[in-house]
Amino acid sequence: MTVHALFASPDDVAARLAEGGYLTDEAIATTVFLAQALGKPLLVEGPAGVGKTELAKAVARACEAELIRLQCYEGLDEARALYEFNYKKQLLAIQAAPSDRGWQETHDDIFSEDFLLERPLLAAIRRTGPTVLLIDEADKADVEMEGMLLEVLSDFQVTIPELGTVAATRRPFVLITSNAARELSEALKRRCLYLHLDYPAADRERDIVLAQVPGIEAELAAQLVRTVGTLRALEVKKAPSIAETVDWARTLLALGLDDLDESAVDRTLGVVLKHVSDQERARKELGLKS
């Protein structure tokens with residue numbers, strides 16, 4: 001299996017991701033570089049909305065790679081993650097088979113490549129071009145799924161009983177995200193490099209806003225980031241994500257506002273707080289009248 005270098009150095013990671021609008025720090029750039037240099041999956045953990053999924057998208061953009069995403073959820077099974085056969089098509093083929101055709105010949109036909117449905121893990125293994133495999137929110141999947149992930153990520157090959165073993169010719173860059181809703185197994189963690197992402201410092205979040213929202217004034221971006229920081233410090237059900245900070249900046253521009261005063265906050269609070277109780281708490285803490 002070939003391991004292709006995607007980046008020349010941590011500085012190369014930082015520069016190329018920044019070109020695509022994703023600002024990194026030294027820890028992010030170094031860990032991404034090491035993950036591709038060592039050929040290891042990268043486990044990125046942290047609260048929702050800090051840019052974990054966006055990091056995978058940014059790597060794919062920077063490397064002009066195909067992004068293949070496996071969205072994890074409770075009840076996800078091998079058929080949805082790896083592969084399955086098109087049962088409806090198989091049934092039609094059986095019904096259409098000549099009456100004098102032997103069962104073994106029909107069996108070999110309906111369990112051929114033509115009837116195979118690729119799911120994300122198999123699709124990533126079979127690709128020969130640059131590929132980023134995003135296994136998103138792995139903590140939402142059942143523990144049993146981790147066993148299959150371990151098997152696939154250990155050798156980057158899959159055995160399909162009817163077709164044989166499919167081995168990767170080019171190792172994909174694998175990024176696994178987790179919101180830490182449950183603890184992932186030590187066995188899975190051992191196979192990965194680890195990166196923890198949290199909400200960025202105010203200066204870095206301001207730079208993200210300036211990069212993502214052309215035309216916004218630096219002072220307004222700083223004012224907005226300070227307000228978001230205040231909201232995150234409250235005991236709310238859902239703290240504003242970085243993406244919602246960016247959306248708030250775009251909202252202010254769309255409304256032609258150049259100052260985040262009480263009126264502006266009151267009118268646009270729903271952009272960053274999506275629960276009524278959170279909005280009520282914020283209005284109380286910020287001293288808003290409504």
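Things worth noting here:
- Computed from Cα positions, the angle between helix 10-19 and the longest principal axis of the chain comes to roughly 70 degrees.
- Carbon plus sulfur fraction of accessible area for the chain, probe 1.4 Å, in percent: 49 percent
- Helix-only [θ]222 nm of the chain, DSSP H runs n ≥ 4, -39500 (n - 2.57) each, per residue, nearest 500: -14000 deg cm²/dmol
- Packing-based ranking, highest mean first, of 258-270, 87-99 given that Cβ atoms within 10 Å are counted: 258-270, 87-99
- Too-long pairs where the Cα-Cα distance tops 22 Å, listed order kept, from LYS52/LYS284; LYS52/LYS238; LYS140/LYS237; LYS89/LYS140; LYS52/LYS140: LYS52/LYS284; LYS89/LYS140
- For ARG182, the solvent-accessible surface with a 1.4 Å probe is about 60 Å², rounded to the nearest 10.
- Per residue convex hull volume, Cα atoms of region 218-260, in Å³: 65 Å³
- If both residues of a DSSP beta bridge must be in the chain, then about 25% of such bridges are antiparallel.
- Placing +1 on the Cβ of every Lys and Arg and -1 on the Cβ of every Asp and Glu, with nothing else charged, gives region 179-290 a dipole about its Cα centre of roughly 620 debye.
- Across GLU244, GLU280, the residue with the most accessible area heads the list, and the full order at a 1.4 Å probe is GLU280, GLU244.
- Ordered from highest to lowest accessible area with the whole protein assembly present and a 1.4 Å probe, LYS284, LYS40, LYS189 read as LYS284, LYS40, LYS189.
- Dipole of the chain, positive end: most advanced residue of GLY39, PRO214, PHE111 [Cβ charges, Cα centre]: PRO214
- Point-to-point label distance, TYR87-VAL143, nm (Cα→Cβ direction, 7 Å offset): 2.8 nm
- Probe 1.4 Å, all protein chains present, accessible-area order of ILE176, ILE68, largest first: ILE68, ILE176
- Helix 276-286 axis, angle to the chain major axis (alpha carbon atoms, nearest 10°): 30 degrees
- Labels on offer are [x] 15.3; [y] 22.4; [z] 18.8, and the one holding mean projected area of the Cα convex hull in nm² computed from this structure is [z].
- Projected label points at ASP11 and ILE94, each 7 Å from Cα along the beta carbon direction, are separated by 6.3 nanometres.
- Between ARG232 and GLU217, the contour length at 0.36 nm per residue exceeds the Cα-Cα span by 3.1 nm.
- Net charge dipole size for region 47-112 [Lys, Arg +1 and Asp, Glu -1 on Cβ; Debye, nearest 20]: 380 debye
- Helix 202-212 axis, angle to the chain major axis (alpha carbon atoms, nearest 10°): 70 degrees
- Amide H contacts under 5 Å for LEU6: none, restricted to partners 5 or more places along the chain or on a different chain, H placed in the peptide plane at 1.01 Å from N.
- The magnitude of the dipole of the chain, with charges of +1 and -1 set on the Cβ of Lys/Arg and Asp/Glu and taken from the Cα centre, is near 200 debye.
- Taking θ as phi - 60° and the Karplus parameters 6.51, -1.76 and 1.60, the scalar couplings of region 239-248 work out to 5, x, 7, 5, 4, 6, 4, 5, 4, 5 Hz in sequence order, x denoting glycine and proline.
- For the chain, the solvent-accessible area with a 1.4 angstrom probe is 50 square angstrom per residue.
- In this view, the solvent-accessible surface of SER154, computed with a 1.4 Å probe and all protein chains in place, comes to about 50 Å².
- Chain lengthening between HIS107 and GLU151 when straightened (0.36 nm per residue, less Cα-Cα): 13.1 nm
The values are calculated or read from the model by the stated rules, or taken from the named source; none is laboratory data. On a predicted model such as this, the values are computed, not experimentally measured, just so you know. Glycine gets a Cβ as well: all are built from the backbone with ideal geometry, and neighbour counts include every protein chain shown. The protein model used for the area step is the full one, side chains on, heavy atoms only, and it has no ligands, DNA or RNA in it. Shrake-Rupley method; radii C 1.70, N 1.55, O 1.52, S 1.80 Å.
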